[in-house]
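K.L.:
Below are the structure tokens for one structure; questions will follow.
The values are calculated or read from the model by the stated rules, or taken from the named source; none is laboratory data. Just so we're clear, the structure is a prediction, and the values are computed from it rather than from any experiment. Note that each Cβ is placed from the backbone with ideal geometry, even for glycine, and that neighbours are counted across all protein chains shown. We work out accessible area using only protein heavy atoms, side chains counted, and drop any ligands, DNA or RNA first. Shrake-Rupley method; radii C 1.70, N 1.55, O 1.52, S 1.80 Å.
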Amino acid sequence: MYFKTTQEHEELRAKIREWAEREIKPIAFMLDQENQFPREQIKDFAAQGYLGLPFPKEYGGMGKDILSYAIGVEELSRVDGGTGVILSAHVSLGAYPIFAFGTEEQKQKYLVPLANGEKIGAFGLTEPNAGSDAGGTETTAELKGNYYILNGEKIFITNGGEADTYVIFAVTTPGIGTKGISAFIVEKGWDGFTFGDHYDKMGIRSSATAQLLFNNVKVPKENLLGKEGDGFKIAMSTLDGGRIGIAAQALGIAQGAYEAAVEYAKEREQFNAPIAQLQAIQFKVAEMATKLRAARFLVYSAAELKENHEPYGMESAMAKKYASDVCLEIVSEALQVFGGTGYLKGMEVERAYRDARICTIYEGTNEIQNVVIASHILGKAAKATNAPVKNKKKAGITGPRKKIMFSEGTAEEQVEQLVEALKADGHDFTVGIDIDTPIIQAERVVSAGKGIGSQENMQLIRDLAAAAGAAVGSSRPVAEQLRYVPLNRYVGMSGQKFTGNLYIACGISGAGQHLKGIKDAATIVAINTNANAPIFKNADYGIVGDVNEILPLLSKALDDGNPKQPAPPMVKMKRAAVDEPMPAPVGRYVCLGCGYEYIPENGDDEADVRPGTSYKDLPEDWTCPDCGEEKENFIPSSKEV
Ligand code: CAA
């Protein structure tokens with residue numbers, strides 16, 4: 001065995017390195033500072049065929065091997081970790097599932113433009129309730145005629161907004177867990193498919209990361225990827241390959257930081273000599289170089305296994321885990337070599353230090369990589385037979401809420417019903433607080449989201465706050481990007497927490513981080529034009545409507561013409577009890593021999609019994625998986641179906 005890349009690989013490396021040094025390096029700090037996607041540069045990169053590195057020429061690709069692709073991601077990441085993941089997410093996550101699971105028509109229509117670089121791809125799996133537990137997917141796709149109707153939300157999507165083609169995972173058969181998930185090819189621009197804000201991240205800031213929102217998006221039947229129910233397996237095997245990309249990204253980030261540290265150690269003099277002559281620094285360099293070499297072997301070997309169609313899921317998980325773990329160590333040591341200078345913005349090691357951090361988190365946390373590795377060695381961990389069935393909608397981020405929508409009658413009538421409901425809950429609008437009351441002390445807040453539109457419309461918010469006796473708040477983008485209110489007035493997990501009695505969200509779609517900041521509110525009201533905005537699933541009362549129409553009506557309805565009396569010290573109101581009982585189990589049978597419970601939703605993997613099979617449809621020779629008891633020795637343990 002001779003561990004060496006070929007001359008062709010090294011020539012490719014040299015070309016991509018030269019491109020990255022010329023096109024990305026000079027602007028990397030600017031991209032980082034401004035959270036900017038290198039659109040023009042990616043077009044140029046695409047024009048040279050690199051977006052199709054590992055795909056066959058017949059599909060518009062470069063026809064290179066997986067190792068060449070890994071080298072491509074490594075070389076971009078060596079200069080800028082954000083640019084590296086643009087390539088990785090495009091190839092491994094956006095294009096690969098179409099290449100591996102698409103029909104010939106799907107490949108011609110979607111893979112060819114992705115591979116020849118005309119289009120960018122992305123992958124939508126993660127959701128607020130489905131991160132590491134990807135099987136908890138809640139986005140739904142319901143077949144109606146010739147279309148699947150897609151509804152739901154995806155978060156943290158790399159290339160989100162910039163990509164043209166998305167592979168999206170959604171539940172087609174609810175209640176049966178991972179086997180009810182299907183994959184779809186979805187195009188940017190389709191009605192009802194919109195993007196949330198571009199996340200403001202710690203690192204990889206040149207890559208775009210956005211929330212995807214699906215509101216009754218019509219996906220043609222022919223855009224189903226694979227068969228119904230294949231989605232989870234498509235996602236998992238796509239991620240097996242994706243992890244090679246992230247491993248290569250970590251390797252590149254570490255390589256860049258290492259090289260910078262070595263160069264600096266030769267230049268920087270202390271105690272009358274370059275610090276490279278100090279053993280303390282020499283040992284750091286030796287450790288870094290050794291870790292890099294070990295990581296590189298793992299990454300390249302996983303790439304070779306994939307290229308040669310050998311099993312590689314465990315090896316790619318090992319490569320991703322190891323390369324990203326040592327990447328954190330290497331960037332930290334590299335920064336240490338630079339000392340105080342490395343701590344300054346604009347220094348490459350400072351950016352590498354931040355860019356590196358995501359690599360142990362995305363495409364499966366390193367803890368999940370351990371689960372994957374261990375399951376290859378020891379088999380799949382047993383699951384409790386009474387584990388709750390997945391894909392059951394959980395309460396929203398703000399906990400159980402009434403979710404009452406006022407949709408009957410005119411806008412005035414809807415507003416009247418809302419005001420009556422609020423008064424019936426005990427909100428007293430004869431009293432009020434100052435609109436500048438700090439959010440954490442406020443009993444009520446009227447908050448503006450980006451849906452408020454132009455800055456003049458903030459007057460609508462101030463008027464409503466005055467009429468409701470509330471303080472003014474906002475979502476993060478309204479404070480940070482639009483600067484309509486000071487930064488200390490935005491509400492969210494990273495901003496101010498609202499724990500008072502009444503929160504009126506105006507034009508706020510309800511990103512997870514915002515919702516976490518209002519989860520302790522006694523009552524949440526939402527006003528938004530998008531009926532499928534996540535805020536409505538997290539609110540007690542909602543009106544679907546334009547803020548320009550609804551807010552003046554609401555201000556009028558809350559204003560009784562008298563000045564507000566100063567509000568007494570806040571008495572925290574109880575949240576309305578919401579009756580959302582877990583549906584009673586049905587069709588379960590318990591084994592008289594050992595107490596094992598047969599749950600139809602789970603079926604019995606070992607005996608090839610599909611989830612959804614009722615007890616009476618179990619084969620007559622089926623026996624208890626735990627103790628071997630005959631089928632007839634089971635008795636009902638729940639209601640009959
Ligand atoms: N390939 C094919 N099928 C696979 C598979 C694989 N690698 N791994 C599992 N499956 C199959 C299993 O065989 C099983 O099928 P059967 O029931 O027919 O046997 C089915 O999938 C379900 O498997 P599990 O029971 O093991 O599933 P689980 O619900 O316990 O989850 C998990 C397993 C490994 C924890 C998985 O949920 C997981 O990988 N989670 C992490 C998700 C992740 O990596 N997200 C990253 C998002 S993308 C991203 O981050 C991109 C970016 O920004 C750049």
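K.L.:
When N is the residue count of the stretch 185-299, what does its C-alpha Rg come to as a fraction of 2.2 N^0.38 Å? Let's see the in-between values first.
P.N.:
Numbers: Rg = 22.9 Å, N = 115, 2.2 N^0.38 = 13.4 Å.
Against the empirical 2.2 N^0.38 Å value, I get 1.72 for the stretch 185-299.
K.L.:
Hey, another quick one. Per residue, how much accessible area does the chain show when a 1.4 Å probe rolls over the protein heavy atoms, in square angstrom? Mind showing how you got there, number by number?
P.N.:
On the way: 28810 Å² over 641 residues.
Using a 1.4 Å probe on heavy atoms only, each residue of the chain averages 45 Å².
K.L.:
Tell me which aspartates and glutamates have Cα within less than 15 Å of Lys109's Cα, excluding those fewer than 8 residues away on the same chain?
P.N.:
Partners found: Glu58, Glu118, Asp164, Glu187, Glu222.
K.L.:
Separate question: Given Cα pairs under 8 Å that are at least 6 residues apart, what percent is the relative contact order of the stretch 1-152? Show your work: numbers first, answer last.
P.N.:
On the way: 174 pairs, mean separation 29.7, N = 152.
Result for the stretch 1-152 is 20 percent.
K.L.:
Only bridges whose two residues both fall in the chain count here: according to DSSP, what percent of them are antiparallel, nearest 5? Walk me through the intermediate numbers first.
P.N.:
Details: 37 of 67 bridges.
Percent antiparallel among DSSP bridges in the chain is about 55.
K.L.:
Just reorder Lys15, Lys321 by solvent-accessible area, largest first, 1.4 Å probe, all chains present. Each step should come with its number before you reach the end.
P.N.:
Details: Lys15 125, Lys321 55 Å².
If we order Lys15, Lys321 from most to least accessible, we get Lys15, Lys321.
K.L.:
Stokes-Einstein at 10 °C, 1.306 mPa s, Kirkwood radius from Cα pairs: D for the stretch 105-183 in µm² s⁻¹? Walk me through the intermediate numbers first.
P.N.:
Details: Rh = 13.6 Å.
Taking Rh from Cα pairs, D becomes 117 µm²/s.
K.L.:
From the backbone phi of the stretch 626-633, what are the Karplus-calculated ³J(HN,Hα) couplings (6.51 cos²θ - 1.76 cosθ + 1.60, θ = phi - 60°) in whole Hz, Gly and Pro given as x?
P.N.:
8, 10, x, 4, 5, 4, 5, 8
K.L.:
Here is a follow-up. I'd like the accessible area for Ser407: 1.4 Å probe, protein heavy atoms, all chains in place, Å² to the nearest 10.
P.N.:
About 80 Å², rounded to the nearest 10.
K.L.:
Could you give each residue of the stretch 138-151 its phi-based ³J(HN,Hα) in whole Hz, using Karplus coefficients 6.51, -1.76, 1.60 with θ = phi - 60°, and x for Gly or Pro?
P.N.:
With the stated coefficients, the stretch 138-151 comes to 10, 4, 10, 9, 10, 6, 10, x, 8, 10, 9, 9, 9, 9 Hz.
K.L.:
Rg/Rh for the stretch 508-549: what does it come to with C-alpha atoms and Rh from Kirkwood?
P.N.:
Details: Rg = 9.9 Å, Rh = 10.4 Å.
Taking Rg over the Kirkwood Rh, I get 0.95.
K.L.:
Related question: What ³J(HN,Hα) values, in whole Hz, does the Karplus curve 6.51 cos²θ - 1.76 cosθ + 1.60 give for the stretch 597-608 when θ = phi - 60°, with x put for Gly and Pro?
P.N.:
For the stretch 597-608, the Karplus-derived couplings read 10, 7, 10, x, 4, 8, x, 9, 3, 4, 9, 6 Hz, x marking Gly and Pro.
K.L.:
For Ala46, what is the net charge nearby, where nearby means another residue's Cβ is under 11 Å from its Cβ and Lys, Arg count +1, Asp, Glu -1? Could the numbers behind the result be given before it?
P.N.:
Details: positive: Arg39, Lys43, Lys119; negative: Glu40, Asp44, Glu118.
My count for the surroundings of Ala46 gives 0.
K.L.:
What order, most packed first, do the peptides 282-292, 598-608, 462-472, 298-308 have when packing is the mean number of other Cβ atoms within 10 Å of each residue? Provide the component values of the computation, followed by the final result.
P.N.:
Working: 282-292: 15.9, 598-608: 17.7, 462-472: 23.4, 298-308: 21.5.
Descending mean neighbour count gives 462-472, 298-308, 598-608, 282-292.
K.L.:
Let me ask something else about it. With respect to the cross-link table entries Lys188/Lys221; Lys201/Lys266; Lys450/Lys497; Lys64/Lys119, which display a Cα-Cα separation exceeding 24 Å?
P.N.:
Lys201/Lys266
K.L.:
May I pose another question? On average, how much area does the Cα convex hull of the stretch 15-82 cover when viewed from any direction, in nm²?
P.N.:
Details: hull surface 17.4 nm².
The number I arrive at for the stretch 15-82 is 4.4 nm².
K.L.:
Also: Over the chain, what is the relative contact order in whole percent, taking alpha-carbon pairs under 8 Å and six or more residues apart? Walk me through the numbers on the way to the answer.
P.N.:
Numbers: 1339 pairs, mean separation 66.5, N = 641.
Worked out over the chain, it gives 10 percent.
K.L.:
Turning to a different aspect of this structure: Using packing as a proxy for protection, rank 430-443, 259-272 so that the peptide with the highest average count of other Cβ atoms within 10 Å comes first. Mind showing how you got there, number by number?
P.N.:
Working: 430-443: 17.7, 259-272: 14.8.
By packing density, highest mean first, the sequence is 430-443, 259-272.
K.L.:
Also: So if I average 1/r over every pair of distinct C-alpha atoms in the chain and take the inverse, what Kirkwood radius in Å does that give?
P.N.:
On the way: mean 1/r = 0.0368 Å⁻¹.
Final number for the Kirkwood radius of the chain is 27.2 Å.
K.L.:
Rank these by accessible area, largest first, 1.4 Å probe: Leu143, Leu53.
P.N.:
Greatest to least solvent exposure: Leu143, Leu53.
K.L.:
Could you order Thr172, Thr137 by accessible surface area, starting with the largest, using a probe radius of 1.4 Å? Before the final figure, lay out the partial values.
P.N.:
Details: Thr172 25, Thr137 0 Å².
My answer, sorted largest first, is Thr172, Thr137.
K.L.:
Taking the Cα centre of each part, how many Å lie between the stretch 53-93 and the stretch 602-617?
P.N.:
42
K.L.:
Ignoring ligands, DNA and RNA, please state the percent of accessible area on the chain from carbon and sulfur, probe 1.4 Å.
P.N.:
The computed percentage sits at 53.
K.L.:
Hey, what did the stretch 161-283 get for relative contact order, percent, Cα under 8 Å, at least 6 apart? List each step's numbers first, then the result.
P.N.:
Numbers: 144 pairs, mean separation 27.6, N = 123.
Over the stretch 161-283, the number comes to 22 percent.
K.L.:
Once the other residues with Cβ under 9 Å from the Cβ of Lys403 are scored (Lys, Arg +1; Asp, Glu -1), what is the net sum?
P.N.:
On the way: positive: Arg401, Lys402, Lys537; negative: Asp540.
Cβ neighbours under 9 Å give a net charge of +2.
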